[in-house]
1. Just to be sure I understand: if I project the alpha-carbon convex hull of the stretch 196-313 onto a plane and average over all orientations, what area do I get in nm²?
2. How high is the FRET efficiency between residue 374 and residue 275 when r is their beta carbon distance and R₀ equals 35 Å, given to the nearest 0.05?
3. Measure out, as a whole number of angstrom, how far apart the alpha-carbon centroids of the stretch 162-189 and the stretch 335-403 sit.
4. Taking Cα centroids, how far is the stretch 245-287 from the stretch 406-455 in Å?
5. What ranking, highest mean first, results for peptides 422-428, 279-285, 455-461 when packing means the other Cβ atoms within 10 Å averaged over each residue?
6. What order do you get for 385-396, 90-101, 402-413, 465-476 when each peptide is scored by the mean count of other beta carbon atoms within 10 Å, highest first?
7. Provide the packing ranking of 438-447, 223-232, 314-323, i.e. peptides ordered by the mean count of other C-beta atoms within 10 Å per residue, highest first.
């Protein structure tokens, strides 16, 4: 092991290592050199974050990197990273004001440096940079301000948005990480040693932050990491999968589900055909069950996009997806039912006739129930399906199956729904079927009248049965009274 370390310490500099660590001199007595991972008996040890001072009061502003000689730039760079490792209490705006401003200016300078590519970083500098970023962003998140477990999430536009008081500084650190990941100067072979699986997992944990600004940065950074580091792609997909499982089956509370689904929407869009079995299992086991939680409104738009992308990629998945959505169909949640109806309309727009025929009977049984909903928005959303030309074409092609399923629901709406708009829309749909196939329409109407007649007879029989029971009970009571008398 010692020989390996010796060889590593004596390796030739690569092109990316344009700035080598200088030998410490007496002019920098306060700099401790101690990098345990790169010890070499015959070579000097570079400055590291292991010697970060613990007293924030000792922070001093350093000269700009562009004003420092090239031979000393590495030492100044590490010192700047040390300054950026100080953590302050940002809830108290009057505490450590000067030190906070020095840190802000230092991080901003590092962002400009990485973005411009004016100072190429060697491997040691990159490692220390990631360590500094980790110290700042990987932290315990504050307790959730509200619990979604067991209750429906509120409207995100009406709820008061959480604003992290440390965000002005955190944003610069996130910007630095983003610029490092996307920089053309960043060698992915070196960077992947520090942006490893452990780093990615900690990054994913931060998606539970209630600060929407932080989640937006995390979404962009993770997406860029997924794009540049191919070795991490399966791991990232599996890690997101596990977050979904924990959310669905344990907590039903996680702030970043929508952002993770946005990343997945882009990933799914890039899937090659034929689609791998792994991706189909992800659809069935993770994405479709995401329809179950009550707080689906907070991420339904992104979920619907992901689901539709799968069907667009492979039209044969339409039947699986539609049956999966029907499995989690809400019974008493009208707002959720409206969302499902909109999602199914989007799915049907990319569904072909063969797949539609496999699931049309259970699908339109659900639609018949929605048509008769006492909540006018649910019935209205279902009736709006007949404004979609593609869906109307599918219905017309299979009218002999669909019309008998929903005819009773249409008639019930026309005769007795409380909302005049629903009555008018139901009449329009009824007229469309009449124009499609008058003979089929008349047959369905005849069968409907027969069912109504039988239902009337059954109701009369039920009333007579109860009347006889009441008379028998009354007679029994009178006999009891005579016996006691």
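Read the figures in this text as sums done on the coordinates, not as results from a lab. These numbers come from a predicted model, not from an experiment. Positions of Cβ are generated from backbone atoms using ideal geometry, with glycine treated the same way; all protein chains shown enter the neighbour counts.
1. Working: hull surface 27.5 nm².
Its Cα hull, projected and averaged over all orientations, spans 6.9 nm².
2. Values: r = 41 Å, r/R0 = 1.18.
Once the sixth-power term is evaluated, E becomes 0.25.
3. Answer, in whole Å: 45.
4. 41
5. Details: 422-428: 17.9, 279-285: 15.7, 455-461: 10.0.
So the peptides 422-428, 279-285, 455-461, ranked by packing, come out 422-428, 279-285, 455-461.
6. Numbers: 385-396: 15.6, 90-101: 12.6, 402-413: 19.6, 465-476: 10.0.
Final packing ranking: 402-413, 385-396, 90-101, 465-476.
7. Values: 438-447: 13.8, 223-232: 16.4, 314-323: 18.6.
Result, highest mean first: 314-323, 223-232, 438-447.
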